[in-house]
Amino acid sequence: MLTKLNFTLARQFHCSSTCFKARILSKNHPLKMEVPLALRYLRAIESGRKSSEQTVTLQTVVAAARGNTPLRGEINFHMLIRKPVIAVFTEDPEQHKIAKEMGIDIIGGSELIDKIASGEQKITFQTAFATTDMVQDLARVAQKLGKQKVLPQLKKKTVGDNIRELLQDKLYVVPFAEKASFISFPVGKCSFTDEEILRNLIKAREGLQKALREQNNKKPSTIIKATLTSTHGPGIDIDLF
């Protein structure tokens, strides 16, 4: 049973006594692990499998009062989980350098557009970005790019003068939504280093905490449990909050 002190703490945490008890039980779970140790077990289980089958996922349990609006938000990840083939159209040397530093596959200006127009450069990329100075020149291949749904456009927020911001806002931001008291999303691959997954977990925590702060409910929801799992692995409790 919860003590009087626990009821006081429950009020300070803005959650019900039942919710607080669930948090205490989760906190003291005998199988709760540090993230690096949890990853060690998950990697061992996924060893020998294809990279596409080695996704590390964060699952959280949300405790909410009846009638509460489900939590929604977005996470600005440190490291891309799934990296598509990307093209950047720019004549700006600085933006070209930034795109190269960010590991972009295809970078170029008018010469790249010429190659696409002639057919020398196949449209193998899955998304494209451009600086504003390239908009007029892109008109020459607008039909080709538009047919593949990869034409950079202002309204799609794939055209701008800061390539780093465009890529961060479009590729690194992942939305999430609570469903049936659970929130689940990938935070990395088994091939990621511990540091890369930890950085993504920190970003995930920031995004979830922001959603909790901004919720418009009389009795705020709270996250009572966080679990790391992989495609074929078990769920391992971690101390994220």
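The values are calculated or read from the model by the stated rules, or taken from the named source; none is laboratory data. Keep in mind that what you see is a predicted model, and the values were worked out from it rather than measured. Using ideal geometry, Cβ is built from the backbone for each residue, glycine included, and neighbour counts are taken over all protein chains shown.
Listed values, structure above:
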read-out: Test for Leu151: is it closer than 20 Å to Gly108 by Cα, in contact with a helix residue (DSSP H, G or I) (Cβ under 7 Å, 6 or more places away or on another chain) and in the same structural domain as Lys97 (by TED's automatic domain parsing); value: yes
read-out: Members of the stretch 35-74 that are of a type in the set (Lys, Arg) and either surrounded by 12 or more Cβ atoms within 10 Å (Cβ to Cβ) or under 16 Å from Gly235 (Cβ atoms) (or both); value: Arg40, Arg43, Arg49, Arg72
read-out: Count of the stretch 221-234 residues which are crowded, with 16+ Cβ neighbours inside 10 Å and in a loop (DSSP other than H, G, I, E, B); value: 3
read-out: Any pair with Cβ under 6 angstrom, 6 or more apart, that starts in the stretch 84-100 at a residue that is over 13 Å from Gly160 (Cβ atoms) and ends at one that is of a type in the set (Gly, Ala, Ser) and not in a strand (DSSP E or B); value: Glu91/Gly109
read-out: Hits in the stretch 159-206 (condition: surrounded by 20 or more Cβ atoms within 10 Å (Cβ to Cβ) and under 19 Å from Arg40 (Cβ atoms)); value: Val187, Gly188, Lys189, Cys190, Ile197, Asn200, Leu201
read-out: Sole exception among (1) farther than 23 Å from Asp133 by Cβ; (2) crowded, with 17+ Cβ neighbours inside 10 Å; (3) modelled with pLDDT of 95 or more; (4) not β-branched (Val, Ile, Thr) for Gly109, by number; value: (1)
read-out: All positions within the stretch 148-161 that are touching a residue at least 24 places away in the same chain (Cβ under 8 Å) and in a loop (DSSP other than H, G, I, E, B); value: Gln148, Val150, Pro152, Thr158, Gly160, Asp161
read-out: Every pair of residues 6+ apart whose Cβ atoms lie under 8 Å, when the first sits in the stretch 114-125 and is in contact (Cβ under 8 Å) with a residue 40 or more places away in the chain while the second is surrounded by fewer than 15 Cβ atoms within 10 Å (Cβ to Cβ); value: Phe125/Pro84; Phe125/Val85; Phe125/Asp105
read-out: Per-region count, the stretch 29-54, residues at pLDDT below 85 and under 20 Å from Arg205 (Cβ atoms); value: 2
read-out: Qualifying residue in the stretch 174-189 (condition: among the hydroxyl-bearing types (Ser, Thr, Tyr), assigned to a loop (DSSP other than H, G, I, E, B) and either in contact with a Ser or Thr (Cβ under 6 Å, 6 or more places away or on another chain) or in contact (Cβ under 8 Å) with a residue 40 or more places away in the chain (or both)); value: yes
read-out: Qualifying residues in the stretch 75-90 (those that are in contact with a strand residue (DSSP E or B) (Cβ under 9 Å, 6 or more places away or on another chain) and surrounded by fewer than 20 Cβ atoms within 10 Å (Cβ to Cβ)) - the one modelled with the lowest pLDDT; value: Arg82
